[in-house]
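The values are calculated or read from the model by the stated rules, or taken from the named source; none is laboratory data. Quick caveat, the model's predicted, so the values are computed rather than measured. Heads up, the Cβs are rebuilt from the backbone with ideal geometry, glycines too, and the neighbour counts pull from every protein chain shown. We work out accessible area using only protein heavy atoms, side chains counted, and drop any ligands, DNA or RNA first. Shrake-Rupley method; radii C 1.70, N 1.55, O 1.52, S 1.80 Å.
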Amino acid sequence: MSRGDAAIEALRAWTPEVDGWIIAIGALAAIACAVPGTLLVARRQSMAADGIAHAVLPGIAGAFLLSGTRDLAWMAGGAAVAAVAMSAGSAYLERTLRVERDAALGIAYTVLFALGLALVVRAADGVDIDPSCVLFGAIEFAPLDRVQAGGHEVPRAAIVIAAVAAANVAVAALAWRPILASSFDRGFARAAGARPAACDAVVGAMATATCVACFESLGSVIVVGMLVVPACAARLACARLVPMAMLAAAIGCCAAVLGHVAACVAAPIAGLDAAGVRELSTAGCVAASLGACFAGVAWVRAITMRNLPVDGTRATSLPCAP
Amino acid sequence: MTDDHERLAISIDALDVAYGPRTVLQGATVGIRAGAMTAIVGPNGAGKSTLLRAVMGMLPFSGSVRVLGGPIDACRKRVAYVPQRAAVDWDFPITVRQVAEMGAHARLGWFGFTGRRARRESLEALADVGLADLAARPIGELSGGQQQRAFVARALAQRADLVLLDEPFASIDATTERDLLDLLAKLRDRGTTVVVVHHDLSTVRDRFDDAVLVRGTVIAHGAARKVMTAELLARTYGDAPGHGTASA
């Protein structure tokens, strides 16, 4: 069998119960990440996405060690405590010791992440949680953990991520105006009673909840990519936040599909199946697809900008964006 | 005394402000007339912006500050504040109309079903300042003068009785500054109190009704033509470097 035939054979072996749900969970994660990701990127806080995604680890691991379960309430509670610890730690370094903002975040979250890894290794005997799953997720196994919902068996991860995605959209819609004002002009927002500090907390809470929900499926490294890369790509093409969030969700969904297809066909195409490697990591391939999507959007933007007249009205985003 | 207080948009008495161990303002006392266009002038680091931020209740202070007859928290909706350009993220993905809408939301409330009304009022405000055609453009693509016009439109949409602008003419050319001053004068003529932190001393005497000279405290305040004297300016600026266009 040729490598191409092997790749087609790999796709033919797809089943909706497994592969369909893997893609659906990836797409739901993309939608859940689009709202906080867009806000963080537009507010120039991409590093905070990195920080939150890593800093929640000790909270999740600590909650697991304490409770012995992966119950969502415990996980979310532990993650929230860790996220607040990271915010407080980086704010202390920034304000008291005058450490530069990104550096302060970097110090705070790497310390917490290292603590989290130590806790995970400590918990490894508990079998339910292990370091590689923490880093790269286990989206391939997510469809196997099912619960009853509306008379159907649905993967638990899909329900959790969909709930967080819906909550993110609802919260962003509700707090849209003060978040917009405090992101663009903090001084005005503060003077006009829009409570920018509360808006910061809302955005941080959305990012934390999303990281917790996506943690098992995507892992702490890939979830950063899902938060930041689609939003950065969308920023290249959009001049307003709502289209930017929608495009970010669409780019993330594309990457989820492309990533799982790539994970299935890359091994046979590269001839790795002969060495016993049947599939690559879906989460890793999703991350690579995110990079490819970003490159694609950047390329389209470059072509479009080149064709625009240089008359002083050249836009900083694609003309169709608003 | 009561009559005086009723005519004052801002009444500041014995205001002290410090950033940590550094005292920025000490014993500042000034009344800013309602319905007047007032310039706050002084050298860099004199405490002009701090004075505005104290008025808006954005930093801790001791002393008394009354705005529109009461504490600032009782009248935030009636006060429009335009911070320094550097404090605004001009690359944030937001359109000119959305910026103007913020003013309407500040008045109508940040939550609730007021979107259509805010949109209509913001478009009217943008038409007032000559930016209706640019309503859909990202704010970052406008020139510095147009961006300040958008902020004036935001104040109009807020229907503010008091507008505080912190160095609105920074980084814009003389022609644009003149146009903006015309716009602010029009705002004043409608009955709005306009307070501007200003650096160009050459325009204060002719374009502003009142002036407040600040250097660590209020050196003098009153009608611009009376306050902008060589003696008071010398006391305000002393040997302060870079006060540029002082002509008095």
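Extending each Cα 7 Å along its Cβ direction at A:A88 and B:D173, get the distance between those two points in nm, one decimal.
In this crude spin-label approximation the distance works out to 5.4 nm.
With all protein chains present, calculate the accessible area of A:D50 using a 1.4 Å probe and round the result to the nearest 10 Å².
Looks like 40 Å² after rounding.
Report, in degrees rounded to the nearest 10, the 0 to 90 angle that the Cα long axis of helix B:174-189 makes with the longest principal axis of chain B.
90 degrees
Given the peptides A:237-246, A:255-264, arrange them by the average over their residues of other C-beta atoms within 10 Å, most packed first. All intermediate terms of the calculation are to be shown ahead of the outcome.
Numbers: A:237-246: 21.1, A:255-264: 23.1.
Going from most to least packed, we get A:255-264, A:237-246.
Sequence-distant or interchain residues sharing an amide H contact under 5 Å with B:A9, placed H: which?
The answer is B:I32, B:R33, B:A34.
So how much accessible area does A:E279 have, in Å² to the nearest 10, using a 1.4 Å probe?
For A:E279, the solvent-accessible surface is approximately 90 Å².
Determine the relative contact order of chain A: mean sequence separation of Cα pairs under 8 Å and six or more apart, normalised by residue count, in whole percent. Could you put the intermediate results ahead of the total?
On the way: 501 pairs, mean separation 87.5, N = 322.
Across chain A, relative contact order equals 27 percent.
Residue by residue through the range A:105-110, which ³J(HN,Hα) values in whole Hz follow from phi under the Karplus form 6.51 cos²θ - 1.76 cosθ + 1.60 (θ = phi - 60°), with glycine and proline marked x?
Computed from phi, the couplings for the range A:105-110 are 4, x, 5, 5, 7, 5 Hz.
Decide, for the range A:3-307, between rounded, prolate and oblate: order the square roots of the alpha carbon gyration tensor eigenvalues as a ≥ b ≥ c, take rounded if a/c falls under 1.5, and otherwise choose prolate if a/b is larger than b/c, else oblate.
Oblate, since a/c reaches 1.5 and b/c is not below a/b.
Could you rank B:L156, A:L66 by how accessible they are, 1.4 Å probe, largest area first? Could you put the intermediate results ahead of the total?
Working: B:L156 30, A:L66 140 Å².
Ranking B:L156, A:L66 by accessible area, largest first, yields A:L66, B:L156.
Only bridges with both residues in chain B count here: give the DSSP antiparallel percent, nearest 5.
Among the beta bridges of chain B, antiparallel pairing accounts for roughly 55 percent.
In the range A:164-213, what residues drop by 40 Å² or more in accessible surface going from the chain by itself to the full protein assembly, probe 1.4 Å?
A:R177, A:L180, A:F184, A:D185, A:F188, A:R190, A:A191, A:A192
If you count only protein heavy atoms with a 1.4 Å probe, what accessible area per residue comes out for the protein assembly as shown, rounded to a whole Å²? Can you show the working numbers first?
Details: 24840 Å² over 570 residues.
So the protein assembly as shown comes to 44 Å² accessible per residue, rounded to a whole number.
Taking each residue in A:230-241, count the Cβ atoms of any other chain within 10 Å of its Cβ, then average. What number comes out?
Details: counts 0, 0, 0, 0, 1, 2, 0, 0, 2, 9, 6, 5.
Mean inter-chain Cβ contacts per residue within 10 Å come to 2.
Averaged across the residues of B:91-102, what count of C-beta atoms belonging to other chains lies within 10 Å of each residue's C-beta?
For peptide B:91-102, the averaged partner shielding equals 6.
Tell me the Kirkwood radius of the range B:90-160: reciprocal of the mean inverse pair distance over distinct alpha-carbon atoms, in Å.
On the way: mean 1/r = 0.0864 Å⁻¹.
Answer for the range B:90-160: a Kirkwood hydrodynamic radius of 11.6 Å.
Can you list the residues, at least 5 places off or on another chain, whose amide H is less than 5 Å from the amide H of B:G222, using H built in the peptide plane?
The answer is B:A211.
Using only atoms on other chains, find how many Cβ atoms lie within 10 Å of each Cβ of peptide B:70-81 and report the average.
2
Around B:V88, which amide H atoms from residues at least 5 apart in sequence, or from another chain, sit under 5 Å from its own amide H, with H modelled in the peptide plane?
For B:V88, no residues qualify.
Counting only protein heavy atoms and a 1.4 Å probe, tell me what percentage of the protein assembly as shown's accessible area is made up of carbon and sulfur.
59 percent
Given the protein assembly as shown, what percent of its DSSP beta bridges are antiparallel, to the nearest 5?
60 percent
Would you work out the relative contact order for the range B:90-160, in percent, from Cα pairs under 8 angstrom that are 6 or more residues apart?
50 percent
Hey, rough spin-label estimate for B:R235 and A:L65, points 7 angstrom out along Cα→Cβ, what's it come to in nanometres?
Label-label distance for B:R235 and A:L65, simple model: 6.7 nm.
Rounded to the nearest 500, what is the 222 nm mean residue ellipticity of the protein assembly as shown from helices alone, with -39500 (n - 2.57) per DSSP H run of 4+ residues and division by all residues?
Details: 21 runs with 330 residues, N = 570.
Helix contribution divided over all residues of the protein assembly as shown: -19000 deg cm²/dmol.
Find the sum over both chains of the accessible area lost when A and B are paired, probe 1.4 Å, and report it in Å² to the nearest 100.
Working: alone 15720 and 11840 Å², together 24840 Å².
Approximately 2700 Å² gets buried when A meets B.
Using a 1.4 angstrom probe on protein heavy atoms only, which residues from the range A:29-74 are buried by at least 10 Å² of accessible area when all chains are present rather than their own chain alone?
SASA drop of 10 Å² or more in the range A:29-74: A:A42, A:R44.
If you count, for each residue, the other Cβ atoms within 10 Å and average over each peptide, how do B:17-27, A:192-202 line up from highest to lowest?
Those peptides, ordered most packed to least, come out A:192-202, B:17-27.
Rank B:I219, A:I22 by accessible area, highest first, at a 1.4 Å probe radius?
Greatest to least solvent exposure: B:I219, A:I22.
Can you tell me, using C-alpha contacts under 8 Å and at least 6 residues apart, the relative contact order of chain B as a whole percent?
Computed over chain B, the figure is 26 percent.
Please give every one of the lysines within straight-line cross-link reach of B:K48, meaning a C-alpha to C-alpha distance under 23 Å, and leave out same-chain neighbours fewer than 8 residues apart.
B:K77, B:K226
Determine the shape class of chain B: with a ≥ b ≥ c the square roots of the Cα gyration tensor eigenvalues, call it rounded for a/c under 1.5, and otherwise prolate if a/b is greater than b/c, oblate otherwise.
Details: a/c = 1.75, a/b = 1.41, b/c = 1.24.
Cα axes put chain B in the prolate bin.
Spelling out what I want: for every residue of the range A:207-221, take phi, set θ = phi - 60°, compute 6.51 cos²θ - 1.76 cosθ + 1.60 (Karplus), and round to whole Hz; glycine and proline get x.
5, 5, 4, 5, 4, 5, 5, 8, 4, 5, 7, 9, x, 6, 7
Please work out how much length the chain gains when fully extended from A:I8 to A:A292, using 0.36 nm per residue of separation minus the C-alpha to C-alpha distance, in nm with one decimal.
Length gained, A:I8 through A:A292: 100.1 nm.
With θ taken as phi - 60° and the coefficients 6.51, -1.76 and 1.60, list the Karplus ³J(HN,Hα) couplings across the range B:103-113 in order, rounded to whole Hz; mark glycine and proline as x.
Per-residue couplings from phi come out as x, 5, 5, 4, 8, 7, x, 6, 10, x, 8 Hz.
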